[in-house]
Amino acid sequence: MTVQSLSSRQKAISYTTLFISIGFGIIGQLLMKHTMSSSTLGLNWSFIQQLVLALTVYSLGIVNWILALRVVKLSIAYPLTSLNYIGILFGSYYLFGEKITLIRIFGVILIFLGVLLVALPIQRGAKT
């Protein structure tokens with residue numbers, strides 16, 4: 001295995017880890033919303049279990065984020081986390097019946113296009 005293929009493989013693993021981090025972040029946030037919406041803030045056993053699950057899932061996202069940053073540039077990784085907005089928007093719609101308006105769809109499209117522009121690789125020889 002060449003050094004270049006190892007680097008490509010490591011980069012692919014890091015980006016996969018980054019997207020796993022984003023997924024855990026989305027799921028963790030949705031679980032937190034579910035926990036807080038379905039409880040009366042009483043410290044009963046069910047509430048504590050749900051909250052611990054939500055925080056654990058969210059924490060797994062943070063661990064994956066840290067691992068991804070070993071290779072992925074922060075200037076690329078951080079804008080990609082705005083994909084959380086898209087996941088939260090659709091998760092809130094499906095799980096909590098929140099409305100998706102035309103202006104929200106337009107906003108998500110703008111976010112997605114912005115992420116694409118930031119995540120596209122910089123061409124060699126381009127002057128900055």
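Suppose we filter the stretch 35-72 for residues that are assigned to a loop (DSSP other than H, G, I, E, B) and over 22 Å from the mean Cα position of the chain (by Cα); how many remain? Explain how you work it out, then say what you get.
Of all residues in the stretch 35-72, those assigned to a loop (DSSP other than H, G, I, E, B) come to 38-44, 69-72.
Filter again for over 22 Å from the mean Cα position of the chain (by Cα), leaving 38-44.
The total comes to 7.
Output the number of residues of the stretch 57-80 satisfying the condition of being among the hydroxyl-bearing types (Ser, Thr, Tyr) and buried (at least 16 other Cβ atoms within 10 Å of the Cβ).
First pass over the stretch 57-80, keeping only residues among the hydroxyl-bearing types (Ser, Thr, Tyr): 58-59, 75, 78.
Subsequent filtering for residues that are buried (at least 16 other Cβ atoms within 10 Å of the Cβ) retains 58.
Adding up the residues that qualify gives 1.
Here are 47, 24, 106: which of them is touching a helix residue (DSSP H, G or I) at 6+ places or on another chain (Cβ under 9 Å), over 30 Å from residue 11 (Cβ atoms) and of a type in the set (Phe, Trp, Tyr)? Full working, then the answer.
Details: 24 fails: over 30 Å from residue 11 (Cβ atoms); 106 fails: touching a helix residue (DSSP H, G or I) at 6+ places or on another chain (Cβ under 9 Å).
Just a single option satisfies the conditions, and that option is 47.
Cβ-Cβ below 6 Å, separation at least six or inter-chain, first residue in the stretch 95-114 and part of a helix (DSSP H, G or I), second among the aromatic types (Phe, Trp, Tyr) and surrounded by 11 or more Cβ atoms within 10 Å (Cβ to Cβ): which pairs?
111/85
Bear in mind that the values in this text are calculations on the coordinates, not laboratory data. In this text the structure is predicted, and so the values were computed from the model without any measurement. Ideal geometry is used to build each Cβ from the backbone, glycine not excepted, and the neighbour counts take in all protein chains shown.
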